[in-house]
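Heads up, the thing below is written out as structure tokens.
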Amino acid sequence: MKVKHHKNAVLFLKYCYICKLETKICIDYMGKIISLANQKGGVGKATSTVNLAASLAVMEKKVLIVDADPQANASSGLGLDVKNLKHTIYECLVDKVDVRTAICNTDIDFLKIIPSHIDLVGAELEMVNLPDRETILRNVLAPIRNDFDYILIDCSPSLGLITLNALTATDSVIIPVQCEYYALEGISKLLNTIKIVKSKLNPNLEIEGFLLTMYDPRTRLNNQVVEEVQKHFGDMVFKTIIQRNVKLGEAPSFGQSVISYDATSKGAQNYMDLAKELVAKEA
């Protein structure tokens, strides 16, 4: 973030200090883009994207979800009828439609979404021969980046061109990890992909953290997975662990985030804790 220089800034600050006035330095603010990625399906990417975004919005952070998964779970999970949308992320990527026309409101203040569509399945074939095909999403989001505090990208469960675009456009990656044995096997491939993207396309790319999901403290296996991940990745693992919760599973069927569906549930509390932890890291 760059401080705006003013020729009389020093004199102004001295004056404010003498007068004991509270001052706020004007800064050029740029919203943070975070991708939630894991090529393994069913680890809680869409659930975490929707509910982390909703929790940040409750904290009055301006949040945009970019649904980059053709399954459009994040879109339907917020009550959008994806079959009857005029513009989605697909049109923005392939047809160069103005991204602002694809932004939809939600029932939560401060939270908006760019929905997805099943047509996104074919987008990779249409993009493969385009120049700078890895940076298309970054260029799409550039005009609106400063309009939001956080932009969360829900990636598809693959390491294809769309996910590559997301990693190229993003500042950091949250990696949801289900507390099951098989969930650990694909992490090395994802980390290798992130390393390649960082070296060739996005030198500022960082891992925001590993997010443990679907945790059941009653099972020995879940506890062993938590111990292994925390032992191996240390401080890179979020302290907040998302526990298995009935309300988390029910909320999408009503087109709501869990915090709208039942703010007192364990799932809502977990994601509020995660949002607070994420914001605290930025402080």
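The values are calculated or read from the model by the stated rules, or taken from the named source; none is laboratory data. Treat the numbers as computed from the prediction; the structure is a model and nothing was measured. Glycine gets a Cβ as well: all are built from the backbone with ideal geometry, and neighbour counts include every protein chain shown.
Quick notes
- Within the range 129-245, helices (runs of 4 or more DSSP H) holding 1 or more residues that are over 27 Å from Gln269 (Cα atoms) and free of Cβ contacts under 8 Å to residues at least 40 places away in the same chain: 136-141, 161-169, 187-200
- Yes/no for Thr219 being β-branched (Val, Ile, Thr) and under 22 Å from the mean Cα position of the chain (by Cα): no
- From Ile118, Ile136, Ile175, residue being among the β-branched types (Val, Ile, Thr), crowded, with 17+ Cβ neighbours inside 10 Å and within 19 Å of Val50 (Cα to Cα): Ile175
- Of the candidates Ala280, Ala263, the single residue that is in a loop (DSSP other than H, G, I, E, B) and either over 20 Å from the mean Cα position of the chain (by Cα) or of a type in the set (A, V, I, L, M) (or both) is Ala263.
- Boolean, Ala123 is touching a Leu at 6+ places or on another chain (Cβ under 8 Å) and assigned by TED's automatic domain parsing to the domain that holds Lys195: yes
- Taking (1) surrounded by 15 or more Cβ atoms within 10 Å (Cβ to Cβ); (2) modelled with pLDDT under 95 in turn, Arg220 satisfies each apart from (1).
- Total residues in the range 231-245, condition surrounded by 17 or more Cβ atoms within 10 Å (Cβ to Cβ) and not charged (D, E, K, R): 7
- The range 260-283 residues that are more than 26 Å from Gly31 (Cα to Cα), paired with ones that are in a helix (DSSP H, G or I) and of a type in the set (Asp, Glu) (beta carbon under 8 Å, 6 or more apart): Tyr261/Glu250
- For the range 35-47, the set of residues classified as out of contact with any Lys or Arg (no Cβ under 9 Å at 6 or more places or on another chain) and surrounded by fewer than 24 Cβ atoms within 10 Å (Cβ to Cβ) consists of Lys40, Gly41, Gly42, Gly44, listed by residue number.
- Residue list for the range 82-101, restricted to those being closer than 18 Å to Asp154 by Cβ and surrounded by fewer than 22 Cβ atoms within 10 Å (Cβ to Cβ): Val82, Leu85, His87, Glu91
- Residues that are without any contact (Cβ under 8 Å) to a residue 60 or more places away in the chain and under 22 Å from Leu93 (Cα atoms), drawn from the range 56-78: Ala72, Ser75
- Those residues of the range 146-170 which are of a type in the set (D, E, K, R) and crowded, with 17+ Cβ neighbours inside 10 Å, in sequence order: Asp149, Asp154
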